[in-house]
Amino acid sequence: MINKPLVLTYLCLLIYILLSSGVILYNKWVLSHKYFNFPFPITLTMIHMGFSGLVAFFLVRVFKVVTPVKMTFEIYATCVVPISAFFASSLWFGNTAYLHISVAFIQMLKALMPVATFIMAVLCGTDKARLDVFLNMLLVSVGVVVSSYGEIHFNIVGTLYQVTGIFAEALRLVLTQVLLQKKGLTLNPITSLYYIAPCSFVFLFVPWYLLEKPVMEVSQIQFNFWIFFSNALCALALNFSIFLVIARTGAVTIRVAGVLKDWILIALSTVIFPESTITGLNIIGYAIALCGVVMYNYIKVRDVRASQLPPESIPDRISKDWKLEKKSSDIYVPNNNNNIGGNISASELNVDEEAPLITSSRLSHVGRTQISK
């Protein structure tokens, strides 16, 4: 008998992986001078922001699909504005990197995301410096350095753009945790777009006016409405697909899906863009970094689960986690007062309930859900 909920879950995961990979490859194709030749990453990002904000406006104000949260001027100025500024910066720098380095190498550099998030969290006081996490971060960094050393077409400008974008995104994640969550605001994907996308558009207008507008010649621009419309539509669909994945799965599943997506994307990019060459040192370095990322994710999930348990039950739970085999009589059955156990724990659901646009640092590696990346 077919398990329909399970089939729907795997279908959502497949859609997420396809859309996430598709948006990245599509952006690379649009921006690359060898293909569509639209070398204006800020303009492309502004198109995504404008389209997403417009769709969100119609969904919230016209069709009333969701109800907007109670947003005061003080909350908007102190929370939404700074978060939007770093969100816009991460998209700007990340998309600009496509002009200089390959998709495969960009995905390898993105392994630095947990490192950047951990550093920003420690600096902002939302996390504590720990030896186990530090060693994992060191392993990730070593892997990225090895991968960079093995990159044939290494470009320092593109690498700096990508790394800067990663740290901007990490700071956005931490600011989200510090600012919005402390005020008790919960934004779903639609309300996130409704408030953040227009503000990000405004922030992007300044660098666009100073950097891209002076060099843009309308007569030389290939403007194809259907190309840009479909590109923005795919980016919007990606946001919603991540929301569906978060709603139907747990933290571990999302992280595994993200790792799988990265490997698929690296392989696809070398097929679609033949100029992208992967060396053995690239793979070795990325594998090392990935080991660190996996261990980091395990530590974070373990910490979240442990934080949901009464102190006296933690040793018992740890012993259960390390058992490789369980008899049916050993299965942990939660009572009404302690809802843990089962395939997806309550703590994992709490982690995953946050909107993709404003994912917290606990989902920093796989939940990095930028609209136009």
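The values are calculated or read from the model by the stated rules, or taken from the named source; none is laboratory data. These numbers were taken from a predicted model, which means no experiment stands behind them. Quick reminder, even Gly has a Cβ in these numbers, built from the backbone with ideal geometry, and neighbours come from all protein chains shown. Accessible surface areas use protein heavy atoms only, side chains included; no ligands, DNA or RNA. Shrake-Rupley method; radii C 1.70, N 1.55, O 1.52, S 1.80 Å.
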Problem - Coil-residue GluC sites (Glu not before Pro) of segment 195-299, DSSP, other Cβ within 10 Å capped at 11 - result: E217, E275
Handout entry: Segment R302-K34, extension gain: residue separation times 0.36 nm, minus the distance between their alpha carbons
Key = 91.9 nm
Practice task
Output ³J(HN,Hα) for segment 161-172: one whole-Hz value per residue in order, computed from phi by the Karplus curve 6.51 cos²θ - 1.76 cosθ + 1.60 with θ = phi - 60°, and x for Gly and Pro.
Solution key: 4, 5, 5, 4, x, 5, 5, 5, 5, 4, 5, 4
Exercise for the section: Please sort by residue number the chymotrypsin sites (Phe, Trp or Tyr not before Pro) in segment 114-176 whose DSSP state is loop and whose Cβ has at most 15 other Cβ atoms within 10 Å. Expected result: F154
Handout entry: Fraction of accessible area attributable to carbon and sulfur, segment 194-261 (%, probe 1.4 Å)
Key = 74
Fill in the blank from the handout: Quick calc, T270 & L8: beta-carbon distance into FRET formula, R0 41 Å, rounding 0.05, result 0.80
Problem - Carbon + sulfur, % of accessible area of segment 1-147 - ligands and nucleic acids excluded, 1.4 Å - result: 75
Handout entry: Spacing of the two label points (7 Å from each Cα toward its C-beta) at V157 and V145, in nm
Key = 2.7
Fill in the blank from the handout: Gyration tensor on Cα atoms of segment 130-260, a ≥ b ≥ c root eigenvalues, a/c under 1.5 rounded, else prolate if a/b beats b/c, else oblate, says oblate
Exercise for the section: State in Å² the accessible area per residue of segment 1-87; use a 1.4 Å probe, count heavy atoms of protein chains only, and round to the nearest integer. Expected result: 53
Fill in the blank from the handout: For the F63, L210 Cβ pair and Förster radius 51 Å, calculated FRET efficiency rounded to 0.05 is 0.85
Problem - trypsin sites (Lys or Arg not before Pro) within segment 190-284: DSSP coil, no more than 12 neighbouring Cβ in 10 Å - result: none
Handout entry: Whole-number accessible area per residue in Å² for segment 165-274, which is evaluated in the context of all protein chains at 1.4 Å
Key = 46
